[in-house]
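Worksheet: one structure, shown below.
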Amino acid sequence: MCHDAGATPPIEPVASGPLTLTSADGTRFAAYLAVPERPSGAGVVVIPDNRGLAPFYERLAVRLAEHGHPALAYDHFGRTAGASTDGRDEGFPSMEHFAGLTREGMLDDMSAAVERLREFGDTQAALGFCMGGRLAFFAAEPRFGLAGVIGFYGHPGLAAPYGPGPAQHAGELAAPILGLFGGADEGIPASEVAAFGEALTANGVNHELVIYPGAPHGFFDAGNGEHAEACADAWRRVLAFL
């Protein structure tokens, strides 16, 4: 036998931990940075869903760093909840926190995260989920200077209370887009995904939109055995895209 029972194959050493970023309006907000000892791929801004910087996104940043990608996940609610995620309960965020969100503020926060990642290389990408997936699609605008964006189940069309979506702004998008959607996601009909694809094609935006039949919203969860195949395939696509 070559290895004993406790043997472990090598992985890329990763340094990770919390930090605080500052947005364009002076707002301080929470973030979590994971950096491989020897970066070998694009930096990745991880844009959370509407719960903000939850532990899932911190763990995802570490997983990306293990594959050579400096990764920074950040919080959406610095303007109303402060620059720490400590003490948040199951009821967070309340309507008060949602009311404090604006597209301009969220995009400014994302810009600050991108700028922090530039310390580790010249190439950055965005990876977002749900509300963050929608923001990731918007981040394909040239002003963010990203090499590509990935959105998991981000609504691409008209959506209350946010208004017009990336599909309606497709003429402003430029970076390559990977969109990953659940076929059983009741909040994002297949027709909306198709319309997004048509808008991107009409505007010459390089893209791939994948729908996993039977997969629900939030299928990207390795602990959900029922949709393990969709989760694993999506992860392979994310790493290949990056």
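The values are calculated or read from the model by the stated rules, or taken from the named source; none is laboratory data. Owing to the predicted nature of the structure, the values given are computational and were not obtained by experimental measurement. Please note: Cβ atoms are built from the backbone with ideal geometry, for glycine as well, and neighbour counts cover all protein chains shown. The protein model used for the area step is the full one, side chains on, heavy atoms only, and it has no ligands, DNA or RNA in it. Shrake-Rupley method; radii C 1.70, N 1.55, O 1.52, S 1.80 Å.
Take the alpha carbon atoms of region 21-54, find their center, do the same for region 63-92, and report the distance between the two centers in whole angstrom.
Cα centres, region 21-54 to region 63-92: 7 Å.
Based solely on its DSSP helices, what 222 nm [θ] is calculated for the chain when runs of n ≥ 4 H residues each add -39,500 (n - 2.57) and the sum is averaged over all residues, nearest 500 deg cm²/dmol? The partial results should precede the final answer.
Details: 7 runs with 71 residues, N = 242.
Taken over the chain, the calculation gives -8500 deg cm²/dmol.
Taking a label point 7 Å from the Cα of ARG88 along the Cα→Cβ vector, which residues of region 14-51 have an amide N closer than 18 Å to it?
Taking a point 7 Å out along Cα→Cβ of ARG88, the residues of region 14-51 whose backbone N falls under 18 Å are 17-23, 27-34, 45-51.
If you place +1 on the Cβ of every Lys and Arg, -1 on the Cβ of every Asp and Glu, and leave all else neutral, what size is the dipole of the chain about its Cα centre, to the nearest 20 Debye?
Numbers: 14 positive and 29 negative charges, 73 e Å.
It works out to roughly 340 debye.
Using a 1.4 Å probe, what is the accessible area per residue for the chain, in Å²?
Values: 11170 Å² over 242 residues.
For the chain, the solvent-accessible area averages 46 Å² per residue.
Just order 69-78, 148-157, 84-93 by mean Cβ neighbour count inside 10 Å, highest at the front, would you?
Details: 69-78: 27.8, 148-157: 26.2, 84-93: 11.7.
Going by the mean number of other Cβ atoms within 10 Å, highest first, we get 69-78, 148-157, 84-93.
Tally up the carbon and sulfur contribution to the accessible surface of the chain as a whole percent, 1.4 Å probe, everything protein left in place.
On the way: 5840 of 11170 Å².
Roughly 52 percent of what the probe reaches on the chain is carbon or sulfur.
Out of PHE181, VAL149, PHE92, whose Cα points farthest toward the positive end of the dipole of region 14-241 (charges: +1 Lys, Arg; -1 Asp, Glu; placed on Cβ)?
VAL149
Local charge sum around PHE137 (other residues, Cβ-Cβ under 15 Å, Lys/Arg +1, Asp/Glu -1)?
Values: positive: ARG103, ARG134, ARG143; negative: ASP49, GLU141, GLU172, GLU192, GLU198, GLU208.
Computed value for this residue: -3.
Between ARG59 and SER40, what length comes free when the chain is fully extended (0.36 nm per residue of separation minus the Cα-Cα distance, one decimal in nm)?
Details: separation 19, 0.36 × 19 = 6.84 nm, distance 1.92 nm.
Going from the current span to full extension adds 4.9 nm.
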